[in-house]
Amino acid sequence: MTKLLSLGGSIVAPDAPDAAYSKEFSVLARSWLADNPSRRLTLVVGGGGPARAWQKAYRDAVDSPDADAQ
């Protein structure tokens with residue numbers, strides 16, 4: 001069984017990366033995975049304020065930003 005979990009960037013890193021949150025999440029995810037060897041977890045993180053800040057930095061850093069790379 002594979003589960004997909006999508007988290008907004010603002011949840012994982014509201015102002016900056018949150019090591020304590022990441023560690024607690026890792027412990028929870030590993031425990032869930034260990035309960036059943038057939039389990040798999042795909043985690044997608046993106047969006048939120050941090051993503052927009054990096055998008056702006058990219059646009060500011062290149063002469064002609066790729067419209068698809070926002």
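Structure summary
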| read-out | value |
| --- | --- |
| Per-bin percent of Cα-Cα distances, the chain [10 Å] | 18, 36, 27, 15, 4, 0 |
| Packing rank of 31-42, 7-18, 50-61, where each peptide gets the mean count of other beta carbons within 10 Å, highest leading | 7-18, 50-61, 31-42 |
| Sum of -39500 (n - 2.57) over DSSP H runs of 4+, divided by residues of the chain (222 nm, nearest 500) | -15000 deg cm²/dmol |
| The range 7-47, Cα convex hull volume normalised per residue, Å³ | 53 |
| Contact order relative to length of the chain, as percent, for alpha carbon pairs under 8 angstrom and 6 or more apart | 47 |
| 0 to 90° range, to nearest 10: angle between helix 48-61 axis and the chain longest Cα axis | 40 |
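Only the coordinates and a few stated rules stand behind these numbers; no lab work does. Note that this is a predicted model, so its numbers are computed, not measured. Quick reminder, even Gly has a Cβ in these numbers, built from the backbone with ideal geometry, and neighbours come from all protein chains shown.
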